[in-house]
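Below is one structure; the comments refer to it alone.
What follows is calculated from the coordinates using simple rules that are stated; it is not laboratory data. This one's a predicted model, so the numbers in the text were calculated from it and none came from an experiment. Note that each Cβ is placed from the backbone with ideal geometry, even for glycine, and that neighbours are counted across all protein chains shown.
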Amino acid sequence: MKILHLDVSASDVATSHTRRLTSRLVERLKEANSGATVIYRDLVANQLPHVDLTILHAWMPENANDPELIATLGRSKALVDELKAADVVVVGSPMYNFTVPSTLKTWIDHVAIAGQTFSYTAEGPQGLLSGRAYLVLSSGGIYSEGASAGNDHLSGYLEAVFRTLGLEQINVIRAEGVAYGPEQDRAAMEAAIERIEELTAAA
Ligand SMILES: Cc1cc2nc3c(=O)[nH]c(=O)nc-3n(C[C@H](O)[C@H](O)[C@H](O)COP(=O)(O)O)c2cc1C
């Protein structure tokens with residue numbers, strides 16, 4: 001099993017909810033699957049540039065040897081190949097202003113490449129990947145239910161991205177309401193850890 005592990009919290013592992021949770025999840029997946037290998041990308045420590053037109057030009061076959069585009073193509077291709085090779089993708093994403101941090105959005109822009117990870121068909125986009133994703137999400141407020149549910153542009157968005165790329169099984173793990181005080185913070189982390197244990201017991 002090949003695991004691609006992405007973290008995008010601006011906080012370090014000592015304080016980040018998502019970093020602590022993804023680390024535990026990956027450990028559990030490794031325990032359940034001997035020989036599993038992990039590629040780790042910290043998209044905060046190693047930030048990607050925002051995409052611009054060069055990425056589209058770089059993927060065009062006629063530009064394959066353009067010296068000015070080789071670096072762009074190399075970077076994008078490495079990210080795409082890593083994702084293609086993964087059987088399992090683990091993404092730890094805090095909610096920033098109702099959605100993904102821009103570091104994660106930028107990674108998505110680099111890997112959602114028509115002809116590589118999805119294709120356009122008469123029936124709409126078709127994913128070219130397969131596998132499983134674990135979306136480990138954290139937010140100060142509560143969005144899985146209640147008055148703010150309509151402002152959740154994080155879980156549905158990430159599910160849509162990975163489903164469009166072809167991943168069949170998407171598991172969501174949430175630690176939410178962490179800004180509502182230490183008790184809720186602790187309860188949210190405990191609930192998320194419990195969910196990780198449940199999901200990985202069958203992994
Ligand atoms: C820039 C920024 C924007 C945030 N926006 C929201 C938000 O829109 N809604 C929310 O409930 N929490 C928001 N939060 C709080 C985080 O989602 C919350 O603290 C989460 O647990 C962070 O995950 P982490 O501990 O892994 O970094 C924001 C935090 C930051 C730093």
Taking the stretch 1-79, which GluC sites (Glu not before Pro) meet the DSSP loop condition and have no more than 15 other C-beta atoms within 10 Å? Glu68
With 0.36 nm assigned to each residue of separation and the Cα-Cα distance removed, Ile108 to Ser148 gains 11.9 nm
Using 0.36 nm times the number of residues separating Glu31 and Ala187, minus their current alpha carbon distance, what extension gain do you get? 53.6 nm
Apply the Karplus parameterisation 6.51 cos²θ - 1.76 cosθ + 1.60, with θ equal to phi minus 60°, to every residue of the stretch 10-20 and state each ³J(HN,Hα) to the nearest whole Hz, in sequence, with x for glycine and proline. 6, 8, 7, 5, 5, 10, 6, 5, 5, 5, 5
How large is ³J(HN,Hα), in whole Hz, for each residue of the stretch 151-166 in order, when computed from phi with the Karplus curve 6.51 cos²θ - 1.76 cosθ + 1.60 and θ = phi - 60°, using x for Gly and Pro? 8, 7, 10, 9, 5, x, 5, 5, 4, 4, 4, 5, 5, 4, 7, x
Can you give me the three principal axis dimensions of the stretch 2-201 from its C-alpha atoms, in Å, biggest first? 58, 40, 37
Paramagnetic reach from Asn65 in the stretch 74-92 [backbone N under 18 Å; point 7 Å along Cα→Cβ]: 74
With runs of 4+ DSSP H residues as the only contributors, calculate the mean residue ellipticity of the chain at 222 nm using -39,500 (n - 2.57) per run, divided by the residue total and rounded to the nearest 500. -12500 deg cm²/dmol
Rel. contact order, % - alpha carbon contacts under 8 angstrom, at least six apart, the stretch 2-201: 22
Can you give me the three principal axis dimensions of the stretch 92-203 from its C-alpha atoms, in Å, biggest first? 49, 33, 24
What list of ³J(HN,Hα) values in whole Hz, one per residue of the stretch 26-41 in order, does the Karplus curve 6.51 cos²θ - 1.76 cosθ + 1.60 (θ = phi - 60°) give from phi, with Gly and Pro shown as x? 5, 4, 5, 4, 5, 4, 7, 9, 5, x, 5, 10, 10, 9, 10, 10
